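Please treat every number below as a calculation from the coordinates, not as lab data. What you are looking at is a predicted structure, and each value in this text was computed from that prediction instead of being measured. No Cβ is skipped: glycine too gets one built from the backbone with ideal geometry, and neighbour counts run over all protein chains shown.
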């Protein structure tokens, strides 16, 4: 594992990030909020982690697993409904940006959100869920917030899920949506690609394919707790945080990977583990990951490898924060992370 080049063990301001050398890592070492402590100890460790851990059982019914995590999607839907009731019809879109519709791009249904009619900025967001699960209300809430803060319209592809549609169905859908955006007239320089967890994997894979196919590159990318390497070496680096992660076990991640791949395709495939590729010639990237996550070390590796290849990459490590913590928009740490993402994106968008 590369040595961490941490700028500070104290509070790091957004201004410090802007002035930071591109090869450095930002470590947010603040004392975590009481809301984050509650999230870690109750909602995640006691409820979500046991549900996800069940994927290690051979008899797992993925449909049953999807039903189990719908509880969390209902929480997001309830939050959205409460906001809507407190908004009058004239200001609904401004106060509650999650008015998504469905648009098909390259035969892929996408959740589409228009936050502005005068700006050509596009947020292309690939949701997480271990390549097998999608929580639409949860993601619409987060993507809506990020798009509104970016003053961008958003597309979130509902890419095909495993195990019904294993690799490479998901990566094909994501790349084809990007190609279609270019085809219908959106300019690459106005596009931000982002994704979390499995969607972070798809983000990096899409960037690599855009480069290798000589397509116009997006302005930048934001990767939240990405699964960059699910090869044997990638899992070895997860061991350091084994037992600390409030969401995943290594066995659960391995089983999710097996659901995604086929018998003939393993984690050593470069389109399954994009970190195995050369990371030169990619657009600017910003990573966000928690210090206790199983996926921490692979984000450190990705950031280090990208910078050594000449790609402008930045890693933000959040002290004791759980997997994909920015998605929990009621956390103070999420609000700060969103602010960092917007500042980063604004530097690279035209």
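Quick notes on this structure:
- If you wrap the stretch 175-322 in the convex hull of its Cα atoms and look at it from every side, the mean projected area works out to 8.6 nm².
- For 347, 24, order by how many other beta-carbon atoms lie within 10 Å, fewest first: 347, 24
- As a proxy for reagent exposure, 280, 165 were ordered by neighbouring Cβ count within 10 angstrom, fewest first; the result is 280, 165.
- Volume of the convex hull of the stretch 272-350 (Cα atoms only), normalised per residue: 104 Å³.
- Remark: spin-label model distance residue 30-residue 189 equals 3.5 nm, labels positioned 7 Å along the Cα→Cβ axis.
- Shape category assigned to the stretch 141-208 from the gyration tensor of Cα positions, a/c cut at 1.5: oblate
- In terms of its C-alpha gyration tensor, the stretch 205-253 has a prolate overall shape, because the principal axis ratio a/c (a ≥ b ≥ c, square roots of the eigenvalues) is not below 1.5 and a/b outweighs b/c.
- For 131, 287, order by how many other beta-carbon atoms lie within 10 Å, fewest first: 287, 131
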